Amino acid sequence: MARIELADRNALPEEFKERFDVIEKSNGYIPNSYMQLAHRPPILKALMDLSKAVIRDEGTLDRGFRFLIAYISSRTAGCQFCQAHNISSASRWGISDDKLNAIWDYETSPLFTDAERAAFDYARGASVVPNAVTDEIFARVKQHYTTPQIVEMTAVIALFGWQNRFNDTLHTDLDQHTLDWAAQFDLADKTGWDPSDHIPGSPDKAA
């Protein structure tokens, strides 16, 4: 259960209406993390601008692939909220169910290329403390990706490092849309995903 309440959407400046309409049309919902950030509209605006540039706009990397990188990063960091959002977003942006089901075995699955394995190793190494991206991992990434692509990939990982800390600290509630997708996909049974801190109305284990 969220540790703080959601802000009043109707109290936000008018500029957010169009922004929210675009996200609702794309996602089918507004992430509750945005409505927590809305208590500080300048921070919400900055994060929305950054998210648009890093992962929502067309980029140098396929959008579904970027969400898979975000998923690997968030799972490594242990953020239950962002794991669910990112793997469901990867599905929405065209990643096949076969790949989604094999992502936890990407090192050995024939469904993934050497380039994808290098990116996922990079995401995993960059998402732990201390940072575990070795020269060998970086050299493999450079074999497959251009400098702009590496910058974009690293930006995805860094963006969700911020999101992981924000949402797991505040126990941000997951929206019903994402909970329904995760249940249909059997995310908990397949991966040990535990959304208990992010279920609306559930007791706060830290209370």
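What to note about this one:
- Conditions (1) in contact (Cβ under 8 Å) with a residue 60 or more places away in the chain; (2) within 17 Å of the chain's Cα centre (by Cα): number failed by Ala123: (1)
- Filter result for the condition that a residue is in contact (Cβ under 8 Å) with a residue 60 or more places away in the chain and at positive phi, over Gly94, Gly28: Gly28
- Residue among Ala38, Ala11, Ala7, Ala46 that alone is touching a Pro at 6+ places or on another chain (Cβ under 9 Å) and over 21 Å from Ser88 (Cα atoms): Ala7
- Helices (runs of 4 or more DSSP H) lying entirely in region 75-154 (those with 3 or more residues that are open to solvent by 60 Å² or more (accessible area, probe 1.4 Å)): 97-102, 135-144
- Filter result (open to solvent by 70 Å² or more (accessible area, probe 1.4 Å) and more than 22 Å from Val128 (Cα to Cα)) within region 164-191: Gln176, His177, Asp180, Gln184, Asp186, Asp189, Lys190
- Qualifying positions in region 31-55 - open to solvent by 20 Å² or more (accessible area, probe 1.4 Å) and either touching a strand residue (DSSP E or B) at 6+ places or on another chain (Cβ under 9 Å) or under 24 Å from Asp180 (Cα atoms) (or both): Asn32
- Flag for Asn164 being modelled with pLDDT of 95 or more, farther than 17 Å from Phe81 by Cβ, assigned to a helix (DSSP H, G or I) and within 19 Å of the chain's Cα centre (by Cα): no
- Residue selection: Asp194 fails the criterion of being assigned to a loop (DSSP other than H, G, I, E, B), touching a helix residue (DSSP H, G or I) at 6+ places or on another chain (Cβ under 9 Å), open to solvent by 20 Å² or more (accessible area, probe 1.4 Å) and under 26 Å from Leu50 (Cα atoms).
- Residue list for region 5-30, filter: within 22 Å of Asn164 (Cβ to Cβ) and open to solvent by 60 Å² or more (accessible area, probe 1.4 Å): Glu5, Leu6
- Residue pairs meeting the criteria (Cβ under 9 Å; at least 6 apart or on separate chains; first under 17 Å from Ser26 (Cβ atoms) and without any contact (Cβ under 8 Å) to a residue 60 or more places away in the chain, in region 50-76; second among the hydroxyl-bearing types (Ser, Thr, Tyr) and open to solvent by less than 30 Å² (accessible area, probe 1.4 Å)): Arg63/Ser89; Gly64/Ser89; Phe67/Ser88; Phe67/Ser89
- Selection within region 61-74 - open to solvent by less than 10 Å² (accessible area, probe 1.4 Å) and of a type in the set (A, V, I, L, M): Leu68, Ile69, Ala70
The values are calculated or read from the model by the stated rules, or taken from the named source; none is laboratory data. What you are looking at is a predicted structure, and each value in this text was computed from that prediction instead of being measured. As a convention, Cβ positions derive from the backbone with ideal geometry for all residues, glycine included, and neighbour counts pool all protein chains shown. Note: accessible area is taken over every heavy atom of the protein model, side chains too, but ligands, DNA and RNA are not part of it. Shrake-Rupley method; radii C 1.70, N 1.55, O 1.52, S 1.80 Å.
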